[in-house]
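*Asks:* Would you mind keeping the following structure in view while I ask a few things?
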Amino acid sequence: MIHAASYIGYDAALCRETNVAGTLNVVEACAVEGVDRIVYVSTASVYGTGPHRGPAESELEIRPESALSRSRADAENLVLDSGGTVLRPDMVLGAGDRWFVPGLMRFTDAVDGLVDGGTTRMSVVHVRDLGAAAFQLAVLDTPSPGAYNIAYEQPAEVREIMDLLRVPAAPSLPSVASADARKLATNAGFTTRQFSLLASDHWFDAGKLRSAIGPGLGELVVDGTDRAWYQSLKPRSDLR
């Protein structure tokens, strides 16, 4: 079974209740019902803020820095201890996203452009590809327990992401030096962690996942549905 239900807010009690106690309920119910395979959709935030430039799972320690990330790491342990599988996406985008790209749009507005020309690189994954990978892990003939980064073969630059989605057209945005952008972002209410997530490299090696499910994760592809979704939203800043 695929477990993708998580609370992603700031309330520490709800983090524990939903992400940890809720995952324990899932694990225990699966044991009772004889479900012998769980795939849990977690987050690369369990690795800490970074920056991260291409590490594989074996090269990283679990260092959550918030109540939310700690609860996701604890949920992972419950699944892994039961012999299950964990997927760790970094930034997920696509129609339905109310977090990553809206926050990126507001950040860009706050700093009056693209930090260092938008060359910050990220491991983004389309929700469509995240779902497909989770499904493939769930139905493999041979179970593949353990934790997996999920990312495309090449990280995407912030400029590339915004240009693909046309929110707004990235070529028209000026470059802003990191030091200047940090001051502007702080004045706009962005935390140090939020700034790091959006203005420093966060990309991961997912070779282990490709070895397990095949070379299906090639490159980021967005369509008109994704663009229309983002253009209909007001930017948000609740990056965690």
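The values are calculated or read from the model by the stated rules, or taken from the named source; none is laboratory data. Just so we're clear, the structure is a prediction, and the values are computed from it rather than from any experiment. Backbone-built Cβ (ideal geometry, glycine too); neighbour counts: all protein chains shown.
*Asks:* Out of Tyr7, Tyr40, I need the residue that is in a loop (DSSP other than H, G, I, E, B) and either among the hydroxyl-bearing types (Ser, Thr, Tyr) or free of Cβ contacts under 8 Å to residues at least 40 places away in the same chain (or both). Which one?
*Replies:* Values: Tyr40 fails: in a loop (DSSP other than H, G, I, E, B).
When all the criteria are applied, what remains is Tyr7.
*Asks:* Okay, moving on. Kindly indicate whether any position in segment 180-187 is in contact with a strand residue (DSSP E or B) (Cβ under 7 Å, 6 or more places away or on another chain), buried (at least 20 other Cβ atoms within 10 Å of the Cβ), within 22 Å of Ala75 (Cα to Cα) and hydrophobic (A, V, I, L, M, F, W, C). Give the steps one after another, and end with the answer.
*Replies:* Initial filter on segment 180-187 (in contact with a strand residue (DSSP E or B) (Cβ under 7 Å, 6 or more places away or on another chain)): 181.
Filter again for buried (at least 20 other Cβ atoms within 10 Å of the Cβ), leaving 181.
Subsequent filtering for residues that are within 22 Å of Ala75 (Cα to Cα) retains none.
Within segment 180-187 (the criterion being in contact with a strand residue (DSSP E or B) (Cβ under 7 Å, 6 or more places away or on another chain), buried (at least 20 other Cβ atoms within 10 Å of the Cβ), within 22 Å of Ala75 (Cα to Cα) and hydrophobic (A, V, I, L, M, F, W, C)), the answer is no, since none of the residues qualifies.
*Asks:* Checking Gly50 against (1) more than 20 Å from Lys208 (Cα to Cα); (2) modelled with pLDDT of 95 or more, only one condition comes out false. Which one?
*Replies:* Exception for Gly50: condition (2).
*Asks:* For segment 43-62, give me the residue count where each residue is surrounded by fewer than 20 Cβ atoms within 10 Å (Cβ to Cβ) and either in a loop (DSSP other than H, G, I, E, B) or on the phi > 0 side of the Ramachandran plot (or both).
*Replies:* Kept after step one, since they are surrounded by fewer than 20 Cβ atoms within 10 Å (Cβ to Cβ), are these residues of segment 43-62: 48-51, 53-62.
Filter once more, so that each one left must be either in a loop (DSSP other than H, G, I, E, B) or on the phi > 0 side of the Ramachandran plot (or both): 48-51, 54-56, 60-62.
The number of residues fulfilling the criteria is 10.
A quick yes/no check of all residues on (1) modelled with pLDDT under 90; (2) in contact with a Cys (Cβ under 6 Å, 6 or more places away or on another chain); (3) farther than 23 Å from Ser42 by Cβ:
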{"site": "Asp201", "(1), (2), (3)": "no, no, no"}
{"site": "Lys208", "(1), (2), (3)": "no, no, no"}
{"site": "Ala212", "(1), (2), (3)": "no, no, no"}
{"site": "Leu217", "(1), (2), (3)": "yes, no, no"}
{"site": "Asp223", "(1), (2), (3)": "no, no, yes"}
{"site": "Lys234", "(1), (2), (3)": "yes, no, yes"}
{"site": "Leu239", "(1), (2), (3)": "yes, no, no"}
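*Asks:* Can you name every residue in segment 215-234 that is exposed (fewer than 11 other Cβ atoms within 10 Å of the Cβ) and closer than 29 Å to Leu140 by Cα?
*Replies:* Pro215, Glu219
*Asks:* Find the helices (runs of 4 or more DSSP H) located wholly in segment 144-237 whose residues include 3 or more that are of a type in the set (A, V, I, L, M), and list them. Steps first, answer last, please.
*Replies:* On the way: elements: 158-165, 178-187, 192-199, 207-213, 224-231.
In segment 144-237, 158-165, 178-187, 192-199, 207-213 are the helices (runs of 4 or more DSSP H) which contain 3 or more residues that are of a type in the set (A, V, I, L, M).
*Asks:* Could you please give the count of residues in segment 53-69 that are farther than 14 Å from Arg88 by Cα and in contact with a helix residue (DSSP H, G or I) (Cβ under 9 Å, 6 or more places away or on another chain)?
*Replies:* 4
*Asks:* Ok, one more. Just to check your reading of the model, which residue among Arg63, Arg98 is at pLDDT 95 or above and of a type in the set (Lys, Arg)? Even if it seems obvious, please write down each step before you answer.
*Replies:* Details: Arg98 fails: at pLDDT 95 or above.
Checking each option against the conditions leaves just Arg63.
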